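Asker: Pasting a structure below so you can have a look.
The values are calculated or read from the model by the stated rules, or taken from the named source; none is laboratory data. This one's a predicted model, so the numbers in the text were calculated from it and none came from an experiment. Ideal geometry is used to build each Cβ from the backbone, glycine not excepted, and the neighbour counts take in all protein chains shown. Note: areas computed on protein heavy atoms with side chains; ligands, DNA, RNA excluded. Shrake-Rupley method; radii C 1.70, N 1.55, O 1.52, S 1.80 Å.
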Amino acid sequence: MSRRRRAVKRQVLADPKYHNPLATRFINCLMKQGKKSTAEQIFYSAIDMVTGRSDQQGLDVFLKAVENCKPMVITKSRRVGSQTLQVPLEVRPEERTTRSIKWLIRYARERSERTMAERLANELIAAANGEGGAIRARDDVHRMAEANKAFAHYRF
């Protein structure tokens, strides 16, 4: 992290198919080893699968899944005296979206379906319905923050 000045946030361009900047961010996080076209194929085929399996549009399910997974609070470690405390902090909006995207991708990769597009489609449907690994991760973070709210006055 630079000590001189804050890094300038670059504007993310909208993706070519849905014209949605959040979809571009998701594709960029999904990408491995610079293979963006592969990541785009996975994402678009997953959205098509979601459209086929549910009565809603695939992009709407995706947006709802990302929104459902966003954490409100997180805990950060803070040394106070000789002990390390988990201090609950509110999450910035940009960070909330980032964590939500990363959890969706992580838990989609851990699923047992055959292709990554199927895994991602099923994880998006589960997250939009309020279940699945990414929702469990958000609930665990919220539970941890709730358990440690007595240390909230140590915020920094």
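Asker: Using only Cα atoms and rounding to the nearest 10 degrees, what angle (0 to 90) does helix 116-128 make with the longest principal axis of the chain?
Answerer: Roughly 60 degrees between the two axes.
Asker: Based on the Cβ-Cβ distance of Arg143 and Asp48, what FRET efficiency does E = 1/(1 + (r/R0)^6) give at R0 = 25 Å, to the nearest 0.05?
Answerer: Working: r = 35 Å, r/R0 = 1.40.
So, using R0 = 25 Å, E works out to roughly 0.10.
Asker: Sticking with this structure for a sec: Over the chain, what is the relative contact order in whole percent, taking alpha-carbon pairs under 8 Å and six or more residues apart?
Answerer: For the chain, the relative contact order is 24 percent.
Asker: Can you give the angle from 0 to 90° between the axis of helix 58-69 and the longest principal axis of the chain, with both taken from C-alpha atoms, to the nearest 10?
Answerer: The answer is roughly 10 degrees.
Asker: Sticking with this one: Tell me which residues come under 5 Å, amide H to amide H, from Gly132 once H is placed; ignore anything under 5 positions away on its chain.
Answerer: Those qualifying (amide H under 5 Å, at least 5 residues apart or on another chain) number zero.
Asker: For the chain, give the percent of accessible area contributed by carbon and sulfur heavy atoms, probe 1.4 Å, rounded to a whole number. Numbers along the way, then the final one.
Answerer: Working: 4810 of 10230 Å².
Roughly 47 percent, rounded to a whole number.
Asker: Can you tell me the Rg and Dmax of region 24-136, counting just the alpha carbons, in angstroms?
Answerer: 16.0, 56
Asker: While we're on this one: Mind checking which aspartates and glutamates have their Cα closer than 16 Å to the Cα of Lys64? Skip sequence neighbours fewer than 8 apart in that chain.
Answerer: Asp48, Asp55, Glu123, Glu131
Asker: Quickly work out the Lys35-to-Ala152 label distance, labels modelled 7 Å from Cα along the C-beta direction, and quote it in nm with one decimal.
Answerer: Result: 4.6 nm between the two label points.
Asker: Taking only protein heavy atoms into account and a 1.4 Å probe, give the accessible area per residue of the chain in Å². If you can, show how the numbers build up before the last one.
Answerer: Numbers: 10230 Å² over 156 residues.
Normalised by residue count, the accessible surface of the chain is 66 Å².
Asker: Next question. By how many nm would the segment from Thr115 to His19 grow when fully extended, if each residue of separation counts as 0.36 nm and the alpha-carbon distance is taken off? Write out the running numbers ahead of the final one.
Answerer: Values: separation 96, 0.36 × 96 = 34.56 nm, distance 2.54 nm.
Value of the extension gain: 32.0 nm.
Asker: Please report, to two decimal places, log10 I(q)/I(0) for region 1-64 at q = 0.15, 0.18, 0.25 Å⁻¹ as given by the Debye formula with identical point scatterers on the Cα atoms and no solvent.
Answerer: So the normalised log intensities work out to -0.55, -0.71, -1.08.
Asker: Also: For the cross-link pairs Lys9/Lys35; Lys36/Lys102; Lys17/Lys76; Lys9/Lys36, which exceed 28 Å when the distance is taken from alpha carbon to alpha carbon?
Answerer: Values: Lys9/Lys35 23 Å; Lys36/Lys102 16 Å; Lys17/Lys76 38 Å; Lys9/Lys36 21 Å.
Over 28 Å Cα-Cα: Lys17/Lys76.
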